[in-house]
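K.L.:
Once you've had a glance at the structure underneath, I'll fire off some questions.
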Amino acid sequence: DRCAFCDAPVVVLTEHEGLIPPESVLPFAVEKKQAAVKFKAWLASRWFAPNDLVQRSRQEGIDGVYLPYWTFDASSNALYQGERGDDYYETEQGTDADGNYVERKVRKTRWTPVGGQVGRHFDDVLVCATTSLPRTLTEGLEPWDLHALVPFEPSYLAGFTAERYSLALDKGWVTAQQRIEQQLRRDIEADIGGDRQKIVSMQVGHANTTFKHTLLPLWISAYRYEGEVYRI
């Protein structure tokens, strides 16, 4: 067969011993005909798309793929030290290029040391568990309608490709912590207040951490053109 992610020939191995089975699945809400119509309309709008790309799209179309994801829940908090910056203005005197006397207001910042703690409960922090697609593309698919998740049944996979996860659970948790810390940094900046904020240090802790393995639906086409892989 060919790989839906990079259009390369692929041999699929089906051993699954030791893998964590999916707990839930988000069924396809867009049928293949609808996806194909949107795909062709998008291609038609690309003025500089090569003709052979259009021809290949007619021949090979678009693939329905279930992507593996880890989702993490955690109660997280961060102790921080930082600085709060409050802007103020002073009037400075001088001359312009022609030697004329001028006054101008100059913005300055008064910094004050601060410290504190922020925390929140994170629900369903998503981490795509495949390396077949760049992280920028998978994060661009968010947000997903996770309220529509249903318990996993093999029947949902009929007629579709379902990729096994290639990102291990522990590495997925590392990525999830990065996303959690990004939000905690925003929370810290809001807690510091003022016009400007500096975070000098932060210590993050997590409690009540749980995870799920879930499958999320994607329509995708991949083409190789002049040595480059293009994905839609």
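The values are calculated or read from the model by the stated rules, or taken from the named source; none is laboratory data. On a predicted model such as this, the values are computed, not experimentally measured, just so you know. Every residue, glycine as well, gets a Cβ built from its backbone with ideal geometry; the counts of neighbours run over all protein chains shown. Heads up: the accessible areas ignore ligands, DNA and RNA and are worked out on the full protein's heavy atoms, side chains in. Shrake-Rupley method; radii C 1.70, N 1.55, O 1.52, S 1.80 Å.
K.L.:
Answer rounded, prolate or oblate for the chain, using the Cα gyration tensor with square roots of eigenvalues a ≥ b ≥ c: rounded when a/c is under 1.5, else prolate when a/b is larger than b/c, else oblate.
P.N.:
oblate
K.L.:
Further question: Would you be so kind as to identify which of 39, 210, 19 lies farthest towards the positive end of the dipole of the chain, taking Lys and Arg as +1 and Asp and Glu as -1 on Cβ and the Cα centre as origin?
P.N.:
39
K.L.:
Now, a different point. Roughly how many percent of the accessible protein surface of segment 78-149 is carbon and sulfur, given a 1.4 Å probe and a whole-percent answer?
P.N.:
On the way: 2230 of 4860 Å².
Its accessible area is 46 percent carbon and sulfur atoms.
K.L.:
What number comes out for accessible area per residue over the chain if the probe is 1.4 Å? Units Å², please.
P.N.:
With all protein chains present, the chain gives 63 Å² per residue.
K.L.:
Stretch residue 208-residue 162 to full length: gain in nm at 0.36 nm per residue minus the Cα-Cα span?
P.N.:
Working: separation 46, 0.36 × 46 = 16.56 nm, distance 2.99 nm.
Here the answer is 13.6 nm.
K.L.:
What's the longest piece of the chain with no exposed chymotrypsin sites (Phe, Trp or Tyr not before Pro), counting a site as exposed if DSSP puts it in a loop and it has at most 12 other beta carbons within 10 Å?
P.N.:
With chymotrypsin sites (Phe, Trp or Tyr not before Pro) excluded where exposed in loops, the chain gives 49-232 as its longest stretch.
K.L.:
Let me ask something else. Convert each backbone phi in segment 88-103 into a coupling constant with the Karplus relation 6.51 cos²θ - 1.76 cosθ + 1.60 (shift: θ = phi - 60°), then list the ³J(HN,Hα) values in order as whole Hz, x for Gly and Pro.
P.N.:
Values per residue, Gly and Pro as x: 8, 10, 10, 8, 10, 9, x, 10, 8, 5, 9, x, 7, 5, 9, 10 Hz.
K.L.:
Can you tell me the FRET efficiency between residue 146 and residue 91 if r is taken as the Cβ-Cβ distance and R0 is 35 Å, rounded to the nearest 0.05?
P.N.:
According to the calculation, E is roughly 0.05.
K.L.:
What is the calculated FRET efficiency for residue 73 to residue 110, with r their C-beta to C-beta distance and R₀ = 25 Å, to the nearest 0.05?
P.N.:
After rounding to 0.05, the efficiency reads 0.05.
K.L.:
With just the Cα atoms defining each centre, how far is segment 57-110 from segment 127-157? Give it in Å.
P.N.:
30
K.L.:
Rank 112, 91, 214 by mean-square fluctuation in a GNM of the chain with C-alpha springs under 10 angstrom and give only the top-ranked residue.
P.N.:
91
K.L.:
Continuing with this model, one more query. Among 126, 218, 43, determine the one that fluctuates most according to a GNM of the chain built with springs between C-alpha atoms less than 10 Å apart.
P.N.:
Result for the chain, Cα springs under 10 Å: 43 fluctuates most.
K.L.:
Please give the charge dipole size of the chain, origin at the Cα centre, charges +1 on K and R Cβ atoms and -1 on D and E Cβ atoms. Round to the nearest 20 debye.
P.N.:
400
K.L.:
Taking the simple approach of a point 7 Å from Cα along Cα-to-Cβ for both residue 131 and residue 186, what is their distance in nm?
P.N.:
Output for this residue pair reads 2.9 nm.
K.L.:
Round to the nearest 10 and give me the degree value, 0 to 90, for the angle of helix 169-192's Cα axis relative to the longest principal axis of the chain.
P.N.:
Once rounded, one gets 30 degrees.
K.L.:
What is the calculated FRET efficiency for residue 98 to residue 179, with r their C-beta to C-beta distance and R₀ = 45 Å, to the nearest 0.05?
P.N.:
So the FRET efficiency works out to roughly 0.25.
K.L.:
Does anything in segment 85-121 have its amide N under 16 Å from the 7 Å Cα→Cβ label point of residue 200, and if so which residues?
P.N.:
Counting backbone N atoms under 16 Å from the label point, the list is 85-86, 110-117.
K.L.:
For Cα pairs less than 8 Å apart in space and 6+ apart in sequence, what is the mean separation divided by the residue count of the chain, i.e. the relative contact order in percent?
P.N.:
With pairs under 8 Å counted, the relative contact order is 39 percent.
K.L.:
Leaving out ligands, DNA and RNA but keeping every protein chain, what accessible area does residue 206 have, in Å² rounded to the nearest 10, with a 1.4 Å probe?
P.N.:
Number for this one is 60 Å².
K.L.:
Along the charge dipole of segment 35-160, Cβ charges K/R +1 and D/E -1, which of 143, 97, 77 sits furthest on the positive end?
P.N.:
Of 143, 97, 77, it is 143.
K.L.:
Can you find, among 229, 183, 166, the residue sitting farthest towards the positive end of the charge dipole of the chain, where Lys and Arg contribute +1 and Asp and Glu -1 at Cβ?
P.N.:
229
K.L.:
Mean residue ellipticity at 222 nm from the helices of the chain, using -39,500 (n - 2.57) per DSSP H segment of n ≥ 4 over the full residue count, to the nearest 500 deg cm²/dmol?
P.N.:
Computed mean residue ellipticity for the chain: -7500 deg cm²/dmol.
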